[in-house]
Ligand SMILES: [Zn+2]
């Protein structure tokens, strides 16, 4: 209780907002290619007091004493922010070191030194399976030798930090911070694995055979990178069309991005600009950057619509909301809205309307796209299972074999033990994606019933989205769904939707 006398909640909230704003601006400047260095350390140092153990304890005390539901919720969002910061701040130097090691690592391909990061792009574009495997083997060797020692140290450090904060494990800490029940989610995802196993084996197996000429049993995870690249559809996903297709889609539902001065659409080509689209929320809702460097291809369109979903969500968030509801909260909400736009690419009506795909081709593409989505769902089900094991408080040593078994079993493609520390989402971010997929499946069900399958051509649907976006992240996915007359998140919508979409293909 003694801390409370010194703790100024309003000042803390103001500092937290400035911190997040400066951090996002720094990310924007660097990844948009406007500034060479990425200097987050100075920002962390400037706001170091935010991540003080005494603040964490003080906010926890305040929540305990709170009698008001709204106040309790805002304090919960602050506890998550402070707790995540406590862990990240503690391991910041290691994170920087790992980033540097990754940026400097090289692999030898065809006698040439290729950067480790770029070798990923080569892999996704390599049509020859044996060459793909060779690149993959070389990448794994670099991961093991150059990255894993630091990654091991990183995970050990954050695990120890969780224990120092009084939690039995990193898992327990994040279950507390996120106020989620990981076991229940794991059970739901086990059900997804079980119910989709046959469909996946048959349909995904056939697709792999047809497109790549290999069987599921002989496939590696890296083969999916090439499958997903899907170069044969490139003629529909032209670089020049990307931004306009996005703008036109929004316009059709009554949203004119040209008239949203708070979304800064950065499409200029710059040498060091991130090749993947991203969204930076510097001020919510007044300064949102949507950064794109069009390169074409279905994955490029997917990324643009996903990030555009984030941008629209935060740009439409009501300015009147409190800081906690604009900047913090449950990221499954914003990920759900990002998937809502991204998954337009799984609608054959949208594909024929905006990309002029012929009927047959659109059907083929949605089949491919839904199978990719099922691949991701099965992957994340197994990631969650593995990450719960990795972070359960016991030693990290030897968990590389568990990684290989758990991931390979669910995805039915070979995974390599070398990735056991790298293929891990910080702070169980995987649960945000999983819950967002479920949330989006239900939201889609609602919109189909209310506005029809071509909801994206209805101004009413646009108004509906703008309304739910306006709440920022005040409400979690369960609460949004309850307002739409659902009982809360229900995985059956996701399972049934995937099964139906995949099985209707002939
Ligand atoms: Zn996202």
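The values are calculated or read from the model by the stated rules, or taken from the named source; none is laboratory data. Small disclaimer: the values here were computed from a predicted structure and weren't measured. Methodologically, a virtual Cβ is constructed for each residue, glycine included, from the backbone with ideal geometry; neighbour enumeration extends over all protein chains shown.
For residue 428, are the conditions met, namely being within 19 Å of residue 175 (Cα to Cα) and crowded, with 17+ Cβ neighbours inside 10 Å?
yes
So how many residues does the stretch 296-326 have that are in contact with a helix residue (DSSP H, G or I) (Cβ under 6 Å, 6 or more places away or on another chain), assigned to a helix (DSSP H, G or I), farther than 23 Å from residue 234 by Cβ and more than 15 Å from the ligand (Cβ to nearest atom)?
Adding up the residues that qualify gives 2.
Scan the stretch 104-130 for residues that are in contact with a helix residue (DSSP H, G or I) (Cβ under 7 Å, 6 or more places away or on another chain) and closer than 30 Å to residue 42 by Cβ and jot them down.
Those that are in contact with a helix residue (DSSP H, G or I) (Cβ under 7 Å, 6 or more places away or on another chain) and closer than 30 Å to residue 42 by Cβ: 105, 106, 116, 117.
Take the stretch 264-277 and flag every residue that is touching a residue at least 40 places away in the same chain (Cβ under 8 Å), closer than 29 Å to residue 319 by Cβ and more than 16 Å from the ligand (Cβ to nearest atom).
Across the stretch 264-277, the qualifying residue is only 266.
Only one of (1) closer than 30 Å to residue 268 by Cα; (2) out of contact with any strand residue (DSSP E or B) (no Cβ under 7 Å at 6 or more places or on another chain) fails for residue 90. Which number is that?
(1)
Looking only at the stretch 260-271, decide whether some residue is surrounded by fewer than 18 Cβ atoms within 10 Å (Cβ to Cβ), touching a helix residue (DSSP H, G or I) at 6+ places or on another chain (Cβ under 7 Å), modelled with pLDDT of 95 or more and assigned to a helix (DSSP H, G or I).
no
Residue check: is residue 329 in the same structural domain as residue 475 (by TED's automatic domain parsing), more than 13 Å from the ligand (Cβ to nearest atom), part of a loop (DSSP other than H, G, I, E, B) and surrounded by 22 or more Cβ atoms within 10 Å (Cβ to Cβ)? Step through it out loud before you land on a result.
Details: in the same structural domain as residue 475 (by TED's automatic domain parsing): yes; more than 13 Å from the ligand (Cβ to nearest atom): yes; part of a loop (DSSP other than H, G, I, E, B): yes; surrounded by 22 or more Cβ atoms within 10 Å (Cβ to Cβ): yes.
Answer is yes for this residue.
Take the conditions buried (at least 18 other Cβ atoms within 10 Å of the Cβ) and under 30 Å from residue 97 (Cα atoms) and apply them to residue 174. Does it pass? Let's see the steps before the verdict.
Details: buried (at least 18 other Cβ atoms within 10 Å of the Cβ): yes; under 30 Å from residue 97 (Cα atoms): yes.
Taking the combined requirement at face value, the residue satisfies it.
Looking at the stretch 233-247, which of its residues are surrounded by fewer than 13 Cβ atoms within 10 Å (Cβ to Cβ) and either in contact (Cβ under 8 Å) with a residue 40 or more places away in the chain or touching a helix residue (DSSP H, G or I) at 6+ places or on another chain (Cβ under 9 Å) (or both)?
Once the filter is applied, which keeps residues that are surrounded by fewer than 13 Cβ atoms within 10 Å (Cβ to Cβ) and either in contact (Cβ under 8 Å) with a residue 40 or more places away in the chain or touching a helix residue (DSSP H, G or I) at 6+ places or on another chain (Cβ under 9 Å) (or both), the stretch 233-247 yields only 240.
Where the second residue is crowded, with 19+ Cβ neighbours inside 10 Å and the first is at positive phi and lies in the stretch 171-183, which pairs have Cβ atoms under 7 Å and are six or more apart or on separate chains?
As it stands, the answer is 179/76, since those pairs meet every condition given.
Name the residues in the stretch 335-354 that are within 16 Å of the ligand (Cβ to nearest atom) and modelled with pLDDT under 95, would you? Walk me through it before giving the result.
Here is the first cut: in the stretch 335-354, the ones within 16 Å of the ligand (Cβ to nearest atom) are 335-345.
Across the stretch 335-354, the qualifying residue is only 345.
Could you say whether any residue in the stretch 278-295 is farther than 28 Å from residue 438 by Cβ, more than 16 Å from the ligand (Cβ to nearest atom) and in contact with a strand residue (DSSP E or B) (Cβ under 8 Å, 6 or more places away or on another chain)?
Yes, because at least one residue in the stretch 278-295 is farther than 28 Å from residue 438 by Cβ, more than 16 Å from the ligand (Cβ to nearest atom) and in contact with a strand residue (DSSP E or B) (Cβ under 8 Å, 6 or more places away or on another chain).
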